[in-house]
Amino acid sequence: MKNFLLVMVGLFCVSAASAAEYDFLAKQTLTVQGSEPRRTLDDTAADLRAVFEKYEPALDSGTRIVRPLRISGSQREPNLNIILEKCVIFICKTVELDAVVSVAETNGKCESNMVMSVNLNKSSQDLTDVYDQIDVNICLNGRNLDMDAHARRADRYSSGPVQQEIFKLLRLQIKPIVTAVDETLKEKAR
């Protein structure tokens with residue numbers, strides 16, 4: 001019995017350690033125009049490159065762009081690359097965001113359920129030590145499109161000043177991403 005309990009505790013610890021933890025970034029609701037909201041959403045999801053070609057990174061007062069945003073990759077999986085410098089008091093750090101964006105259908109309670117993932121694994125270590133992915137859950141019911149974004153904690157995650165600055169920077173990006181999605185939905189409305 002004792003060995004059984006030790007095995008069960010060990011399994012629980014392994015599964016708890018492998019379960020990803022997320023930090024909530026933001027939630028937004030859009031209204032999909034046109035007579036076929038599902039088809040409009042599908043067309044937008046199939047052309048993520050068009051979405052991110054409209055995306056303009058948001059910065060706080062202590063951050064500047066070192067190298068402007070570059071978009072490459074395919075329509076379905078665009079690659080975003082930008083280099084930023086963040087200064088706090090007299091300390092400045094340069095961070096490269098190198099991300100691949102993809103979208104996949106998922107199960108859920110909505111008429112259409114998708115997850116848009118922004119994989120950050122090729123970004124600077126300062127970033128990937130804290131967060132390795134942003135997931136945006138997409139839920140379409142009728143014309144209402146709810147989007148809620150979360151940053152997935154990396155294996156080496158630790159809270160503190162660096163984590164807080166990266167979290168603020170990621171959180172700032174949600175509004176311009178949603179704006180770019182909204183503009184693309186309007187272009188593709190049927």
For this session: Specify which of the listed residues (VAL130, VAL101) is crowded, with 20+ Cβ neighbours inside 10 Å and more than 25 Å from THR44 (Cβ to Cβ).
Result: VAL130
Problem set entry | Unmet criterion (only one of (1) modelled with pLDDT under 95; (2) open to solvent by 90 Å² or more (accessible area, probe 1.4 Å)) for CYS92 | (2)
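Between ASN144, ASN107, which is in contact (Cβ under 8 Å) with a residue 60 or more places away in the chain, in contact with a strand residue (DSSP E or B) (Cβ under 9 Å, 6 or more places away or on another chain) and open to solvent by 60 Å² or more (accessible area, probe 1.4 Å)?
Values: ASN107 fails: in contact (Cβ under 8 Å) with a residue 60 or more places away in the chain.
Testing whether each residue is in contact (Cβ under 8 Å) with a residue 60 or more places away in the chain, in contact with a strand residue (DSSP E or B) (Cβ under 9 Å, 6 or more places away or on another chain) and open to solvent by 60 Å² or more (accessible area, probe 1.4 Å) leaves just ASN144.
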Exercise. Residue check, ASN137 against (1) open to solvent by less than 20 Å² (accessible area, probe 1.4 Å); (2) of a type outside the set (Asp, Glu); (3) within 11 Å of the chain's Cα centre (by Cα), all met but one. Which one?
Worked result: (1)
For this session: List the number of the failed condition for ILE82; all other conditions in (1) modelled with pLDDT of 95 or more; (2) over 20 Å from TYR157 (Cβ atoms); (3) open to solvent by 20 Å² or more (accessible area, probe 1.4 Å) hold.
Result: (3)
Exercise. Just checking, which of LEU169, LEU120 is under 23 Å from LEU69 (Cα atoms) and open to solvent by 20 Å² or more (accessible area, probe 1.4 Å)?
Worked result: LEU169
Exercise. What residue, among those in the range 38-57 that are in a helix (DSSP H, G or I) and among the small types (Gly, Ala, Ser), is farthest from SER112 (Cα to Cα)?
Worked result: ALA50
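The values are calculated or read from the model by the stated rules, or taken from the named source; none is laboratory data. What you see is a predicted model, and the numbers here were worked out from it, not measured in a lab. When we count neighbours, we look across all protein chains shown, and the Cβ atoms used for this are built from the backbone with ideal geometry, even at glycine. Side chains are part of the model used for accessible areas, which takes the heavy atoms of the whole protein and leaves out ligands, DNA and RNA. Shrake-Rupley method; radii C 1.70, N 1.55, O 1.52, S 1.80 Å.
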